[in-house]
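Visitor: Before anything else, here's the structure in question.
The values are calculated or read from the model by the stated rules, or taken from the named source; none is laboratory data. These figures come from a predicted structure and were not determined experimentally. Cβ placement follows ideal geometry from the backbone for every residue including glycine, while neighbour counts extend to all protein chains displayed.
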Amino acid sequence: MATNNIEIEIKIPLNENTFSRVRSKIKRIAKFVKKTKQIDEYFTPAHRNFIRPKFPFEWLSIRRRGDKVILNYKHYYPENVEVTTHCDEFETEVKSHEALAKIFSALNFKKLVTVVKEREVYLYNDEFEIALDRVKELGYFIEIEAIKDFGGIKSAREKLFEFAKSLGIDISKTDKRGYPYLLMKKKGLIK
């Protein structure tokens, strides 16, 4: 959920025990919002291969959220570096997954991977949205996103890491690239 089309978040892989411990703590301190199954199909256009750079910084996806279909584009900054700080995020709901997939095919967009996850979403003090994810083929993760204006990207990231530490999470393991990158790397699409 981007604020003013800018998303500032951190994502950290967890082992199953840590995931359970953190989940129990979050249930006590945060407000439960929803549980969903999410399917995100990632694509690249033929004319501009998003996975050509060593560190891809653009993603285009068709997201399925129950009966909703959402077209989503993210552009990470700084570009083509291992660690990004934030991204532009633009999305819009569309009526038909099938029609959009046919349009992508007609325009020679290549499907890269499909990320399937079960997600529990919580809100903490109108400051953070917390997502607890079980991602098919990748494992357990926590994603914490700033939903409050903390006065800039740097200060928001500091607050995110501070909150993660307060949950007893090892922030040195923070994921730097995201689910599509991790899945593409696992499948050998990215070296």
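Visitor: Of the conditions (1) closer than 24 Å to LYS186 by Cβ; (2) free of Cβ contacts under 8 Å to residues at least 40 places away in the same chain, GLY66 satisfies every one except a single condition; which number is it?
Guide: So the condition that GLY66 fails would be (1).
Visitor: For region 175-190, enumerate the residues that are under 13 Å from the mean Cα position of the chain (by Cα) and surrounded by 14 or more Cβ atoms within 10 Å (Cβ to Cβ).
Guide: Taking region 175-190 as the starting set, the residues that turn out to be under 13 Å from the mean Cα position of the chain (by Cα) are 175-183.
ASP175, ARG177, GLY178, TYR179, PRO180, TYR181, LEU182, LEU183 - these are the residues of region 175-190 that are under 13 Å from the mean Cα position of the chain (by Cα) and surrounded by 14 or more Cβ atoms within 10 Å (Cβ to Cβ).
Visitor: Looking at (1) hydrophobic (A, V, I, L, M, F, W, C); (2) in a helix (DSSP H, G or I); (3) modelled with pLDDT of 95 or more, find the lone condition where ALA101 falls short.
Guide: (3)
Residue-by-condition table, conditions (1) surrounded by 15 or more Cβ atoms within 10 Å (Cβ to Cβ); (2) hydrophobic (A, V, I, L, M, F, W, C); (3) farther than 22 Å from ILE171 by Cα:
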{"position": "CYS87", "(1), (2), (3)": "yes, yes, no"}
{"position": "LYS95", "(1), (2), (3)": "no, no, yes"}
{"position": "ILE103", "(1), (2), (3)": "no, yes, yes"}
{"position": "ARG119", "(1), (2), (3)": "yes, no, no"}
{"position": "TYR124", "(1), (2), (3)": "yes, no, no"}
{"position": "ILE130", "(1), (2), (3)": "yes, yes, no"}
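Visitor: Among (1) in contact with a strand residue (DSSP E or B) (Cβ under 7 Å, 6 or more places away or on another chain); (2) surrounded by 18 or more Cβ atoms within 10 Å (Cβ to Cβ); (3) not in a loop (DSSP other than H, G, I, E, B), where does ILE169 come up short?
Guide: It fails just one condition, (3).
Visitor: Here is a follow-up. Yes or no: region 114-126 includes at least one residue that is out of contact with any helix residue (DSSP H, G or I) (no Cβ under 7 Å at 6 or more places or on another chain), hydroxyl-bearing (Ser, Thr, Tyr) and modelled with pLDDT under 95.
Guide: No - not one qualifying residue is present in region 114-126.
Visitor: What number of residues within region 51-64 satisfy the criterion of being over 18 Å from LYS11 (Cβ atoms) and at pLDDT 95 or above?
Guide: Residues in region 51-64 being over 18 Å from LYS11 (Cβ atoms) and at pLDDT 95 or above: 3 in total.
Visitor: Those residues that are in a strand (DSSP E or B) and over 12 Å from the mean Cα position of the chain (by Cα), I need them from region 130-162; list them, please.
Guide: Once the filter is applied, which keeps residues that are in a strand (DSSP E or B) and over 12 Å from the mean Cα position of the chain (by Cα), region 130-162 yields ARG134, GLY139, TYR140, ALA146.
Visitor: State all residues of region 48-92 that are among the acidic types (Asp, Glu) and either within 20 Å of GLN38 (Cβ to Cβ) or not in a loop (DSSP other than H, G, I, E, B) (or both); if no residue qualifies, say none.
Guide: If the condition is that a residue be among the acidic types (Asp, Glu) and either within 20 Å of GLN38 (Cβ to Cβ) or not in a loop (DSSP other than H, G, I, E, B) (or both), then GLU58, ASP67, ASP88, GLU89, GLU91 are the ones that fit.
Visitor: Still on this structure, please answer the following. Which one of the conditions (1) assigned to a loop (DSSP other than H, G, I, E, B); (2) touching a residue at least 12 places away in the same chain (Cβ under 8 Å) does LEU123 fail to meet, given that it meets all the rest?
Guide: (1)
Visitor: While we're looking at this one, here's another question. Out of GLU79, GLU58, I need the residue that is surrounded by 11 or more Cβ atoms within 10 Å (Cβ to Cβ), over 30 Å from ASP126 (Cβ atoms) and touching a strand residue (DSSP E or B) at 6+ places or on another chain (Cβ under 8 Å). Which one?
Guide: Numbers: GLU79 fails: touching a strand residue (DSSP E or B) at 6+ places or on another chain (Cβ under 8 Å).
Every option except GLU58 fails the conditions.
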